[in-house]
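Some notes on the structure that comes next.
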Amino acid sequence: MLLLCPAQLRAQLGTTPNIKHIVVGRCYNYITLVNPDLRYDCEDIWRQFEDAVVCQSSCNVTVEHYHQMFYAMPQTWPCNTFLFWSKTRTLMHSYTAAVRHFWTLEDTLVGYMFNDLIWCGQEGDSGFDFSSCPEWSACRNHPVYSLWRQASQNFAEMACGNVTVLLNGSIANAFNRKSMFGSVELDGLNPHRVDYVNIKVVTNLEGPFIESCNQGSIVDLIQILQSRGFRWTCTDNDQTLMILQCIQNPEQSACQTCASSLLHRRSLTFN
């Protein structure tokens, strides 16, 4: 039983204005420019989405309500390209831009269409509620949470080969069982399809340095992987990730150390 205090029931902004134009437009952009090999009916996908949300109370949209929409947009990805993340969104985007063979949930059609949008319906009403929607934490069957839960489940179940997990070592509970990765995606990974789970723990350049492969919740994640029969690796402060952070903050002292180390390695290579 989920008990909610009044503070948790406070409303946030309503459904994103012009949501239909945004969602359908993103769909056409995706199948035309991002992945032109795909053939989807964007208008039908919108209708399935609308049917799942409207006429429902804002806390009564389950993952089952979205099943027809997901059936209308099946998608698969090649092995060795799956990247999962938690509390590392900004760096994740930089990483996937630099290492282009990685794909995240946001790169799938459903992720591309609904990223950063808000929506909810009104019970007994045939439209969206544009005045206010509850926060995700207000209820388990929140319409936004339910869609992302199903999308995350599908993405994890597709994963195969070597998968990568990007976690933030500058916060406590870098691996959080209540996060989408910890509560949905991790459980959706199949040890018979996944060869290795490669964990990359990255900290802010100047700290704090709270968790690592040998400390904190990352150890719990490794134990879960081992208990389920996964093979795994774990890396602290991956060099590519450090360089990407230094591009954003070149004045940090850690960047000078990193640059000196790279120059030293280069000199050894050419000597």
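Between His101 and Arg89, the distance separating the two model label sites (each 7 Å from Cα on the Cα→Cβ line) works out to 2.9 nm.
What is the helix-to-structure angle for 89-98, meaning the angle in degrees between its Cα long axis and the longest Cα principal axis of the chain, kept from 0 to 90 and rounded to the nearest 10? Taking Cα atoms only, the helix is inclined about 70 degrees.
Size of segment 158-226: Rg and Dmax of its alpha carbons, in Å, are 12.2, 39.
For the chain, the 222 nm mean residue ellipticity estimated from helices alone, with every DSSP H stretch of n ≥ 4 adding -39500 (n - 2.57) and the total spread over all residues, rounds to -11000 deg cm²/dmol. Between His67 and Ser227, the modelled label-to-label distance comes to 3.0 nm, taking each label 7 Å out from Cα in the direction of the beta carbon.
Dividing the alpha-carbon radius of gyration of the chain by 2.2 N^0.38 Å (N being the number of residues), what value is obtained? Write down the numbers at each step before the final one.
Working: Rg = 20.8 Å, N = 271, 2.2 N^0.38 = 18.5 Å.
My calculation over the Cα atoms of the chain gives 1.12.
Would you look at the GNM of the chain, springs on alpha carbons closer than 10 Å, and say which of Leu33, Leu186, Leu13 moves the most? For the chain, modelled as a Gaussian network with Cα springs under 10 Å, the answer is Leu33.
If r is the Cβ-Cβ distance from Asp220 to Asn162 and R0 is 25 Å, what FRET efficiency results, to the nearest 0.05? Can you show the working numbers first?
Working: r = 22 Å, r/R0 = 0.86.
With R0 = 25 Å, the Cβ-Cβ based efficiency is 0.70.
The string of couplings for segment 230-235 from the Karplus curve (6.51, -1.76, 1.60, θ = phi - 60°) is 7, 8, 8, 9, 9, 10 Hz, one whole number per residue in order, with x for Gly and Pro.
In straight-distance terms, cross-link reach from Lys200 covers every one of the lysines whose alpha-carbon lies under 26 Å from its own, apart from those fewer than eight places away in the same chain; here that gives Lys87, Lys178.
Can you tell me the mean projection area, over all orientations, of the convex hull of segment 72-211's alpha carbons? Units nm², please.
Numbers: hull surface 40.9 nm².
Orientation-averaged projected area of the Cα hull: 10.2 nm².
Summary: within the chain, the longest segment free of GluC sites (Glu not before Pro) located in DSSP loops with at most 13 other C-beta atoms within 10 Å is 1-205. For the chain, set up a GNM with springs between Cα atoms under 10 Å and report which of Lys200, Lys178, Lys20 has the largest fluctuation. Sorting by GNM fluctuation, first place goes to Lys178. Volume per residue for segment 1-140 equals 146 cubic angstrom (convex hull of Cα atoms).
Just Asn35, Asn173, Asn198 to compare: in a GNM of the chain, with alpha carbon springs under 10 Å, which one fluctuates most? The residue with the greatest mean-square fluctuation here is Asn35. Taking Cα atoms only, the orientation of helix 239-248 departs from the longest principal axis of the chain by about 70 degrees.
Since every read-out is calculated from the coordinates, none of them should be taken as a lab result. Here the structure is a predicted model, which is why all the values come from computation and not from measurement. As a convention, Cβ positions derive from the backbone with ideal geometry for all residues, glycine included, and neighbour counts pool all protein chains shown.
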